[in-house]
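**Student:** Following this message is one structure expressed as structure tokens.
The values are calculated or read from the model by the stated rules, or taken from the named source; none is laboratory data. Since the model is a prediction, treat every value here as computed from it, not as a measurement. Don't worry about glycine lacking a Cβ; one is built from the backbone with ideal geometry, like all the others, and counts go over all protein chains shown.
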Amino acid sequence: MFERVRAEKRSALIAYIPAGFPTIADCHRVIDAFIAGGVDAIEIGFPYSDPVMDGPTIQAAAVIALDNGVKSADVMSALKKATDAGIPSVVMTYWNPVEKYGVDSFADAIASNGGSGVIHPDITIEESAGWLQAASNAEINPIYVVAPSTSDERLAKVTAGCGGFVYAASIMGVTGARESVSSGAEALVTRIRAVTDLPVAVGLGVSTREQAKDLARYADGIIVGSAFVKAILDAPTIEAGLAAVTELARELALGVRGQ
């Protein structure tokens, strides 16, 4: 996917939705709305009770999903929904659910449902030997998050363990749509490119076409989550929410194309 969008001289649009939100069934309809809006890849969130990387918007969605009784099987079902439609997709999960599921079994489940990899926001590279082996065995990508505070030495160490792409957190903080994306994002991407040839996707704060256009100047991919979740939370009906998601995706898809 990254090779394709590079050939098109643009960035990739990666859209995030937690499994089970706004309902277990309607999560699949959100995926359809993403596709209708022209996203390039999808990130399925594994709802968790203590999402330390996430701000209030995605925390609220996780609570709704958990109240809906979402299970690991629903996460895998949402992943399969996306990959069956031909969209490269990954799962973002905190480590506890992986440990509970079984490390090798989790990697195998991602692969068997067509997933390209897993984003880990809370396990360090030093603690990842078992996961890296499981991911290698299952032929999926282990994706780690780096931040502006990450030292150059550590940047090289973390990215060496990454596959697929590197997740660059644009700010020191939690997820959430913001008025502007940190000016430090470009500097971080430059530092990442000095130590790895992997594509770099930037997340945390992107919510508008103009922000996407600005990031597309230097990032291989742009990850948008809270803005999509907020569009659903703010809508009076699920139908209106789905329409808002598709419209936002269309706007962001223009932005990653520099328009």
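**Student:** In the stretch 38-54, is there at least one residue being surrounded by 24 or more Cβ atoms within 10 Å (Cβ to Cβ) and at pLDDT below 95?
**Tutor:** yes
**Student:** Can we say Leu254 is modelled with pLDDT of 95 or more and closer than 20 Å to Asp40 by Cβ?
**Tutor:** The answer is yes for Leu254.
**Student:** How about the stretch 33-50: which of its residues are touching a residue at least 40 places away in the same chain (Cβ under 8 Å) and more than 14 Å from the chain's Cα centre (by Cα)?
**Tutor:** Listed by number, the residues that qualify are Ala33, Ile35, Ala36, Gly37, Gly38, Tyr48, Asp50.
**Student:** In addition: Out of the residues in the stretch 57-70 that are over 18 Å from the mean Cα position of the chain (by Cα) and without any contact (Cβ under 8 Å) to a residue 40 or more places away in the chain, which is surrounded by the fewest Cβ atoms within 10 Å (Cβ to Cβ)? Steps first, answer last, please.
**Tutor:** Step one: filter the stretch 57-70 for residues over 18 Å from the mean Cα position of the chain (by Cα), giving 63-64, 66-70.
Restricting the remaining residues to those that are without any contact (Cβ under 8 Å) to a residue 40 or more places away in the chain gives 63, 67.
Values: Val63: 15, Asp67: 11.
For the stretch 57-70, the residue satisfying everything is Asp67.
**Student:** Continuing with the same structure: Do we find a residue being at pLDDT 95 or above, surrounded by 24 or more Cβ atoms within 10 Å (Cβ to Cβ) and either in a loop (DSSP other than H, G, I, E, B) or on the phi > 0 side of the Ramachandran plot (or both) anywhere in the stretch 95-103?
**Tutor:** Checked against the condition, which is being at pLDDT 95 or above, surrounded by 24 or more Cβ atoms within 10 Å (Cβ to Cβ) and either in a loop (DSSP other than H, G, I, E, B) or on the phi > 0 side of the Ramachandran plot (or both), the stretch 95-103 yields no hits at all.
**Student:** Determine whether the stretch 218-226 contains at least one residue that is touching a Leu at 6+ places or on another chain (Cβ under 7 Å) and closer than 28 Å to Gly163 by Cα.
**Tutor:** Yes, there is a match, as at least one residue in the stretch 218-226 is touching a Leu at 6+ places or on another chain (Cβ under 7 Å) and closer than 28 Å to Gly163 by Cα.
**Student:** Filter the stretch 33-59 down to the residues that are closer than 19 Å to Glu247 by Cβ, assigned to a loop (DSSP other than H, G, I, E, B) and in contact with a Pro (Cβ under 9 Å, 6 or more places away or on another chain) and list them by number.
**Tutor:** Matches in the stretch 33-59: Asp40 only.
**Student:** Still on this structure, I have one more. Tell me which residues, restricted to the stretch 106-139, are closer than 13 Å to Met92 by Cα and assigned to a loop (DSSP other than H, G, I, E, B).
**Tutor:** Those that are closer than 13 Å to Met92 by Cα and assigned to a loop (DSSP other than H, G, I, E, B): Gly115, Ser116, Pro121, Asp122, Ile123.
**Student:** Quickly run through the stretch 10-29 and pick out the residues that are within 20 Å of Ala201 (Cβ to Cβ) and over 13 Å from the mean Cα position of the chain (by Cα).
**Tutor:** Residues satisfying the conditions are Arg10, Ser11.
**Student:** Quick check on Thr150: is it hydroxyl-bearing (Ser, Thr, Tyr), more than 26 Å from Val30 (Cα to Cα) and touching a strand residue (DSSP E or B) at 6+ places or on another chain (Cβ under 6 Å)?
**Tutor:** No; evaluated as a whole, the condition is false for this residue.
**Student:** Scan the stretch 1-30 for residues that are buried (at least 24 other Cβ atoms within 10 Å of the Cβ) and part of a helix (DSSP H, G or I) and jot them down.
**Tutor:** Hits for the stretch 1-30 are Cys27, Val30.
**Student:** Every residue in the stretch 142-151 that is touching a helix residue (DSSP H, G or I) at 6+ places or on another chain (Cβ under 7 Å) and either within 30 Å of Asn113 (Cα to Cα) or at pLDDT 95 or above (or both), please.
**Tutor:** Hits for the stretch 142-151 are Pro142, Tyr144, Val146.
**Student:** Determine if the stretch 120-139 includes at least one residue that is buried (at least 20 other Cβ atoms within 10 Å of the Cβ), of a type in the set (S, T, N, Q), more than 15 Å from the chain's Cα centre (by Cα) and more than 21 Å from Val52 (Cβ to Cβ).
**Tutor:** No.
**Student:** Can you tell me which residue in the stretch 203-224 is surrounded by the most Cβ atoms within 10 Å (Cβ to Cβ), limited to those that are in contact with a helix residue (DSSP H, G or I) (Cβ under 8 Å, 6 or more places away or on another chain), modelled with pLDDT of 95 or more and within 23 Å of Ala60 (Cα to Cα)?
**Tutor:** Among them, the one singled out is Val224.
**Student:** Within the stretch 190-233, count every residue that is assigned to a helix (DSSP H, G or I), hydrophobic (A, V, I, L, M, F, W, C) and either more than 14 Å from the chain's Cα centre (by Cα) or closer than 17 Å to Met1 by Cα (or both).
**Tutor:** Looking only at that region, the number is 6.
**Student:** Could you list, in sequence order, all residues of the stretch 78-89 that are in contact with a helix residue (DSSP H, G or I) (Cβ under 8 Å, 6 or more places away or on another chain) and either outside any helix (DSSP H, G or I) or of a type outside the set (A, V, I, L, M) (or both)?
**Tutor:** Here is the first cut: in the stretch 78-89, the residues in contact with a helix residue (DSSP H, G or I) (Cβ under 8 Å, 6 or more places away or on another chain) are 78-79, 81-82, 85, 87, 89.
Within the stretch 78-89, Lys81, Ala85, Ile87, Ser89 meet the criteria.
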